[in-house]
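**Student:** Below you'll find the structure I mean.
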Amino acid sequence: MQATVLCLYGAGAHAADNAANRAACLPGSDQCPRKSDDFSLCKPNALLSFHVAGLPATGKREEAETDFAADRFQSADETKYVLQGNARVQRLDQLIRADELTYWTETTAWIAQGNVRYQDRGMLLSADKAQGKTTPNTAVLDTVQFQLLNSRGNGRAQQAELIDDDHARMTLVRFSTCDPDQPSWEIRADDITIDQAEGVARGHDVTLRVGDVPIFWLPYARFPTDDRRQSGFLYPSFGFNGNSGLDLTLPYYLNLAENYDMTLYPRIVTQRGFMPGAEFRYLTERSRGQVDGTWMPNDRRAERERGQWHWDNFTYLNANWNFAANVNGVSDKRYFEDFGDSLSAISTSLLPSSMYLNGRGRGWSFAAGGDKYQVTDPALADQFEPYIRLPRITFDGDVDLVGRLRGGVKSEFVAFDKDCFRDGNGTRVCPTTGQRLDVYPYLSLPLEGASWFLRPEFGVRHTRYDVETELADGRELGATPQRTTPIGSLDMGLIFERDANLFGTSYIQTLEPRLYYLRVPYRDQSDLPLFDTQLLTFDFPQLFTTNRYSGADRQMDANNLTVALTTRLLETATGAERLSASLGQIRYFDEQRVQLYGPATDYSGSAYVGELDLHLSDKWRLKIAEQWDPNDDRTDLSAVSLQRRFLGDGVLNVSYRYRRDFLEQTDISALIPLNERWRLIGRWNYSLRDRKPLENLFGIERDSCCVIWRLLARHYLRSASGKANDAIYFEMELKGLGAIGQKTGDFLRRGILGYQ
């Protein structure tokens, strides 16, 4: 009936919220799911006092009958009917009530007066007076107040006019998601016209007010009234830091088609210049992806052109095949130093790009593509840029042979290329380039029971090269070195269980001893090039692998036995793992002759590796990782982290990280609720090795019914060389509408584990 117009306005505000929060996602896309706003601090709207429960939620209104009811029913003739005293008219889910309702049958006109109340499945409404016709379906309501039921929102209008089922007009309109008696923010408009068929509302003299302060004014505004996306401006973001000055972005969203869209990001960085950016997203039946980039024609501080670009794509070909691409680039090595806002960004030394055709089926996997890295650390010379791997083809297979005997193969073919460069003396140096084929066929016999396992495996690894080296006189020298190495291993373990009772809770405790024997004969590999091989980070899983190097350029020799012990506590009622503790070491029976650099070593054992994860309650969690090297009688690695949750969303994290000759850091972060409205935010990340802070952060956050704002002060490193930056962030979220200011949620979630 007539009052559906106001529900449309509320839906429009809700849709505007979707756009403002970049949730105008492509159909079927999960790239940006919308976050639900929390209105738990709001009071119930007074209009809810006349809400009638139990009205039909489904059905077609045009096919439903209209029911009339009142305390008194008067009719002087058959053309005019007057309903008085609790007058009530219902058509399916639409219910209108008033002190008096008059209806003329010949003209289908009606008038409702005195305490007019309207309800349907989407909203509640009250008005001083309402009048209209049922044929055609038109209505005019005076002094209107409304409350949405399916989403948070309320407002008022001097007059609302329903022109037809798809078009409506309102004058002197106010809308907010706040408590009606305390609107912390509201949108005011001189008039609003709504076109439901097009999904668009148009308003004149539109003002957004926070409290009594007008934030912005538009002489004309166009916004969506439903989930259909509409082109238009999104909410601005702004911030300030000492490296770039004021940073202001005013995004503009372009709804190009149902399955692709674009957002333009005009950005002004006061100390550097104008930096436009764009993001294009697409979604088809088989592909989804995003292309984005920024470009600054002239950075006044750096006196050069700056920019970055990114392409992410996934294409589904069929049940077994897909194509994936992740291509990245920046204009120069200092881009992240100047425009990155996190430690992870400024610590990016190598920016990866890759494209692959991937296949997978039962017992096999295949990939063909390439990789490229760009140096983004000013401290790294171009000569440290990794080789381009193009093409790179891998195939792995594993099948049943006879009984429990299994056979498989792991293989890789790569072509390596790298540009010539000049060293520190200005001499032109051309790295060795070429191709590498690595094949590892193997047989395995996995034997397992409920409390034991025995997994022998034997294979042969063959690696062959076809390489070329450019000599100083320009001649090219070719070679075809190769390596063939048998590899045998035996992995065995037992699992013991017993019932345990701690602090009145029943647990199952396990004791899991494990032995892993590895035999790899020594092969001289000094004539093999080093294309993409590095020493892997040593940790507990490394105790049970056949090679301590990544890539195929080096295969370690081994006559080793790993001895490890793990114990767990599993909560009997839920199966949740409350404690996991592991300790292990590799015992060497021969010297370790294959090294990347330097002479062979003759250690009797590796470092001891220990791990502990204690999670006895939902409020406390302790994690410890330790590596102690008995050969040098010193600690190689130590990491301790403690998390305490309290007062609902409150969290405190305390951690210590140490890696010998590399880093030693402490990190304390917290989110402290003072009450249901006020929260303190803080982080202190300090390098004991460098005796300087890596990141200091302090902020305050206030939540209310319909507004949440946070103010943050931040000191952080912006370069690997130790240059620091100071920044101030202010963000205000108008719930149900959008956020204004610099988005802070991402780096707060990265910096404070458990932040919500």
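The values are calculated or read from the model by the stated rules, or taken from the named source; none is laboratory data. Computed from a predicted model, the values in this text were never measured in an experiment. A quick note on method: Cβ atoms are made from the backbone with ideal geometry, for glycine too, and the neighbour counts reach across all protein chains shown. We work out accessible area using only protein heavy atoms, side chains counted, and drop any ligands, DNA or RNA first. Shrake-Rupley method; radii C 1.70, N 1.55, O 1.52, S 1.80 Å.
**Student:** For the stretch 147-244, which fully contained strands (runs of 3 or more DSSP E) count at least 2 residues that are among the charged types (D, E, K, R) and either out of contact with any Gly (no Cβ under 6 Å at 6 or more places or on another chain) or on the phi < 0 side of the Ramachandran plot (or both)? Step through it out loud before you land on a result.
**Tutor:** Working: elements: 154-162, 167-176, 185-195, 200-210, 213-224, 237-241.
Counting at least 2 such residues, we get 154-162, 167-176, 185-195, 200-210.
**Student:** Please enumerate the residues belonging to the stretch 435-449 that are of a type in the set (A, V, I, L, M) and touching a residue at least 40 places away in the same chain (Cβ under 8 Å). Steps first, answer last, please.
**Tutor:** Filtering the stretch 435-449 for residues of a type in the set (A, V, I, L, M) gives 437, 439, 443, 445, 447.
If the condition is that a residue be of a type in the set (A, V, I, L, M) and touching a residue at least 40 places away in the same chain (Cβ under 8 Å), then LEU443, LEU445, LEU447 are the ones that fit.
**Student:** Any residue that is among the hydrophobic types (A, V, I, L, M, F, W, C) and within 26 Å of the chain's Cα centre (by Cα) - is there at least one of those in the stretch 367-375? Spell out how you get there, then give the answer.
**Tutor:** Filtering the stretch 367-375 down to residues among the hydrophobic types (A, V, I, L, M, F, W, C) leaves 367-368, 375.
Still in the running and within 26 Å of the chain's Cα centre (by Cα): 375.
Yes, because at least one residue in the stretch 367-375 is among the hydrophobic types (A, V, I, L, M, F, W, C) and within 26 Å of the chain's Cα centre (by Cα).
**Student:** State which residue is farthest from the chain's Cα centre (by Cα) when the search covers only the stretch 169-182 and only residues that are touching a residue at least 24 places away in the same chain (Cβ under 8 Å) and open to solvent by less than 60 Å² (accessible area, probe 1.4 Å).
**Tutor:** By that ranking, first place goes to MET170.
**Student:** Considering only the stretch 550-562, state which residues are surrounded by fewer than 17 Cβ atoms within 10 Å (Cβ to Cβ) and in contact with a Leu (Cβ under 6 Å, 6 or more places away or on another chain).
**Tutor:** SER550 - this is the single residue of the stretch 550-562 that is surrounded by fewer than 17 Cβ atoms within 10 Å (Cβ to Cβ) and in contact with a Leu (Cβ under 6 Å, 6 or more places away or on another chain).
**Student:** Further question: Among the strands (runs of 3 or more DSSP E) lying completely within the stretch 319-421, list those that include at least 1 residues that are acidic (Asp, Glu), within 30 Å of THR284 (Cβ to Cβ) and out of contact with any Gly (no Cβ under 8 Å at 6 or more places or on another chain).
**Tutor:** Values: elements: 321-330, 350-361, 364-375, 388-400, 406-417.
So the answer is 364-375.
**Student:** What residue, of ASN298, ASN318, is out of contact with any helix residue (DSSP H, G or I) (no Cβ under 7 Å at 6 or more places or on another chain), more than 21 Å from VAL414 (Cα to Cα) and without any contact (Cβ under 8 Å) to a residue 12 or more places away in the chain? If you could, list the steps in order and put the result at the bottom.
**Tutor:** Values: ASN298 fails: without any contact (Cβ under 8 Å) to a residue 12 or more places away in the chain.
Residue meeting the stated conditions: ASN318.
**Student:** Here is a list: GLU457, GLU476, GLU470. Which entry is of a type in the set (D, E, K, R), farther than 26 Å from LEU561 by Cβ and buried (at least 16 other Cβ atoms within 10 Å of the Cβ)? Reasoning before the result, please.
**Tutor:** Numbers: GLU457 fails: farther than 26 Å from LEU561 by Cβ; GLU476 fails: buried (at least 16 other Cβ atoms within 10 Å of the Cβ).
Only one candidate passes the filter, namely GLU470.
**Student:** Please go through the stretch 250-276 and give me each residue that is in contact (Cβ under 8 Å) with a residue 24 or more places away in the chain, assigned to a strand (DSSP E or B) and either out of contact with any Phe, Trp or Tyr (no Cβ under 9 Å at 6 or more places or on another chain) or under 20 Å from GLN308 (Cβ atoms) (or both), ordered by number.
**Tutor:** Those that are in contact (Cβ under 8 Å) with a residue 24 or more places away in the chain, assigned to a strand (DSSP E or B) and either out of contact with any Phe, Trp or Tyr (no Cβ under 9 Å at 6 or more places or on another chain) or under 20 Å from GLN308 (Cβ atoms) (or both): ASN255, THR263, TYR265, ARG267, VAL269, GLY273.
**Student:** Let me ask something else. Specify the residue that is least open to solvent (accessible area, probe 1.4 Å); the eligible residues are those in the stretch 280-293 that are free of Cβ contacts under 8 Å to residues at least 40 places away in the same chain and closer than 19 Å to LEU264 by Cα.
**Tutor:** Of the residues in the stretch 280-293, the ones free of Cβ contacts under 8 Å to residues at least 40 places away in the same chain are 280, 284-287, 289, 291-293.
In the following step, the residues that additionally are closer than 19 Å to LEU264 by Cα were identified as 280, 289, 291-293.
Working: PHE280: 60, GLY289: 1, VAL291: 64, ASP292: 30, GLY293: 21 Å².
Applying the filter and picking the extreme gives GLY289.
**Student:** Scan the stretch 565-598 for residues that are small (Gly, Ala, Ser), over 28 Å from ASP524 (Cβ atoms) and part of a loop (DSSP other than H, G, I, E, B) and report the count. If you could, list the steps in order and put the result at the bottom.
**Tutor:** Restricting attention to the stretch 565-598, the residues satisfying the condition of being small (Gly, Ala, Ser) are 573, 575-576, 580-582, 584, 598.
Now restrict to residues that are over 28 Å from ASP524 (Cβ atoms): 573, 575-576, 580-582, 584.
Applying the additional criterion that residues be part of a loop (DSSP other than H, G, I, E, B) yields 573, 575-576.
Number satisfying all stated conditions: 3.
**Student:** Residues of the stretch 390-426 being among the β-branched types (Val, Ile, Thr), touching a strand residue (DSSP E or B) at 6+ places or on another chain (Cβ under 8 Å) and surrounded by fewer than 17 Cβ atoms within 10 Å (Cβ to Cβ), which ones? Write out each step before concluding.
**Tutor:** Filtering the stretch 390-426 down to residues among the β-branched types (Val, Ile, Thr) leaves 393-394, 399, 402, 409, 414.
Retained after the next criterion (residues that are touching a strand residue (DSSP E or B) at 6+ places or on another chain (Cβ under 8 Å)): 393-394, 399, 409, 414.
Within the stretch 390-426, VAL399, VAL409 qualify.
**Student:** Among the candidates TYR260, TYR265, single out the residue that is of a type in the set (Ser, Thr, Tyr), open to solvent by 70 Å² or more (accessible area, probe 1.4 Å) and farther than 30 Å from GLY122 by Cβ.
**Tutor:** Values: TYR265 fails: open to solvent by 70 Å² or more (accessible area, probe 1.4 Å).
After ruling out the rest, the residue left standing is TYR260.
**Student:** Which fully enclosed strands (runs of 3 or more DSSP E) of the stretch 462-561 have 1 or more residues being in contact (Cβ under 8 Å) with a residue 24 or more places away in the chain and within 43 Å of the chain's Cα centre (by Cα)? Show your work before the answer.
**Tutor:** Numbers: elements: 476-479, 482-494, 496-502, 505-520.
In the stretch 462-561, 482-494, 496-502, 505-520 are the strands (runs of 3 or more DSSP E) which contain 1 or more residues that are in contact (Cβ under 8 Å) with a residue 24 or more places away in the chain and within 43 Å of the chain's Cα centre (by Cα).
**Student:** Please go through the stretch 379-389 and give me each residue that is surrounded by 15 or more Cβ atoms within 10 Å (Cβ to Cβ) and not aromatic (Phe, Trp, Tyr), ordered by number. Spell out how you get there, then give the answer.
**Tutor:** Restricting attention to the stretch 379-389, the residues satisfying the condition of being surrounded by 15 or more Cβ atoms within 10 Å (Cβ to Cβ) are 383, 385-389.
If the condition is that a residue be surrounded by 15 or more Cβ atoms within 10 Å (Cβ to Cβ) and not aromatic (Phe, Trp, Tyr), then GLN383, GLU385, PRO386, ILE388, ARG389 are the ones that fit.
**Student:** Next question, about the same structure. Pairs only if they're at least six apart or on different chains, beta carbon under 9 angstrom, first in the stretch 600-614 and under 9 Å from GLU626 (Cβ atoms) and among the charged types (D, E, K, R), second open to solvent by 20 Å² or more (accessible area, probe 1.4 Å) and part of a loop (DSSP other than H, G, I, E, B); list them, first residue then second.
**Tutor:** Once the first residue is under 9 Å from GLU626 (Cβ atoms) and among the charged types (D, E, K, R) and sits in the stretch 600-614, its partners that are open to solvent by 20 Å² or more (accessible area, probe 1.4 Å) and part of a loop (DSSP other than H, G, I, E, B) give GLU611/ASP539.
**Student:** Report yes if ASP166 is closer than 30 Å to ILE96 by Cα, among the charged types (D, E, K, R) and open to solvent by less than 50 Å² (accessible area, probe 1.4 Å), otherwise no. Explain how you work it out, then say what you get.
**Tutor:** Values: closer than 30 Å to ILE96 by Cα: yes; among the charged types (D, E, K, R): yes; open to solvent by less than 50 Å² (accessible area, probe 1.4 Å): no.
The answer is no for ASP166.
**Student:** Checking THR635 against (1) of a type outside the set (Lys, Arg); (2) closer than 15 Å to PHE538 by Cα; (3) touching a Pro at 6+ places or on another chain (Cβ under 9 Å), which single condition isn't satisfied?
**Tutor:** (3)
**Student:** Somewhere in the stretch 202-224, is a residue within 23 Å of TYR260 (Cα to Cα), open to solvent by 30 Å² or more (accessible area, probe 1.4 Å) and hydroxyl-bearing (Ser, Thr, Tyr)?
**Tutor:** no
**Student:** Here is a further query. Out of the stretch 707-725, which residues are of a type outside the set (Lys, Arg) and either at pLDDT 90 or above or closer than 17 Å to THR744 by Cβ (or both)?
**Tutor:** Of the stretch 707-725, the ones of a type outside the set (Lys, Arg) are 707-709, 711-713, 715-717, 719-722, 724-725.
Residues satisfying the conditions are VAL707, ILE708, TRP709, LEU711, LEU712, ALA713, HIS715, TYR716, ASN725.
**Student:** Give the stretch 66-114 a look and list any residue that's open to solvent by 40 Å² or more (accessible area, probe 1.4 Å), of a type outside the set (Asp, Glu) and either outside any strand (DSSP E or B) or in contact with a Pro (Cβ under 8 Å, 6 or more places away or on another chain) (or both), or say none.
**Tutor:** The answer is THR79, THR105, THR107.
**Student:** Is it fair to say LYS735 is open to solvent by 20 Å² or more (accessible area, probe 1.4 Å) and within 22 Å of the chain's Cα centre (by Cα)? Reasoning before the result, please.
**Tutor:** On the way: open to solvent by 20 Å² or more (accessible area, probe 1.4 Å): no; within 22 Å of the chain's Cα centre (by Cα): yes.
It is false that LYS735 is open to solvent by 20 Å² or more (accessible area, probe 1.4 Å) and within 22 Å of the chain's Cα centre (by Cα).
**Student:** Considering every residue within the stretch 628-643, establish whether at least one is open to solvent by less than 70 Å² (accessible area, probe 1.4 Å), within 17 Å of GLU577 (Cβ to Cβ), more than 25 Å from the chain's Cα centre (by Cα) and at pLDDT below 95.
**Tutor:** no
**Student:** What pairs come up if the first residue lies in the stretch 719-739 and is under 30 Å from CYS178 (Cα atoms), the second is part of a loop (DSSP other than H, G, I, E, B) and at pLDDT 85 or above, and their beta carbons are under 6 Å apart, counting only those six or more places apart or on different chains?
**Tutor:** Going by the 6 Å Cβ cut-off, the qualifying pairs are LYS735/THR177; LYS735/CYS706; GLY736/THR177.
**Student:** Turning to a different aspect of this structure: Check LEU528 against each of (1) more than 30 Å from ILE388 (Cβ to Cβ); (2) surrounded by 14 or more Cβ atoms within 10 Å (Cβ to Cβ); (3) not basic (Lys, Arg) and name the one condition it does not meet.
**Tutor:** Against the list (1) more than 30 Å from ILE388 (Cβ to Cβ); (2) surrounded by 14 or more Cβ atoms within 10 Å (Cβ to Cβ); (3) not basic (Lys, Arg), LEU528 comes up short only on (1).
**Student:** While we're here: Considering each residue of the stretch 106-164, count those that are out of contact with any strand residue (DSSP E or B) (no Cβ under 6 Å at 6 or more places or on another chain), over 26 Å from SER40 (Cα atoms) and hydroxyl-bearing (Ser, Thr, Tyr), and give that number. So that I can check it myself, show each step before the final result.
**Tutor:** Taking the stretch 106-164 first, the residues out of contact with any strand residue (DSSP E or B) (no Cβ under 6 Å at 6 or more places or on another chain) are 106-107, 121-122, 134-137, 150-153, 163-164.
Applying the additional criterion that residues be over 26 Å from SER40 (Cα atoms) yields 106-107, 134-137, 163-164.
Next, from what is left, pick out any that are hydroxyl-bearing (Ser, Thr, Tyr): 107, 134-135.
Number satisfying all stated conditions: 3.
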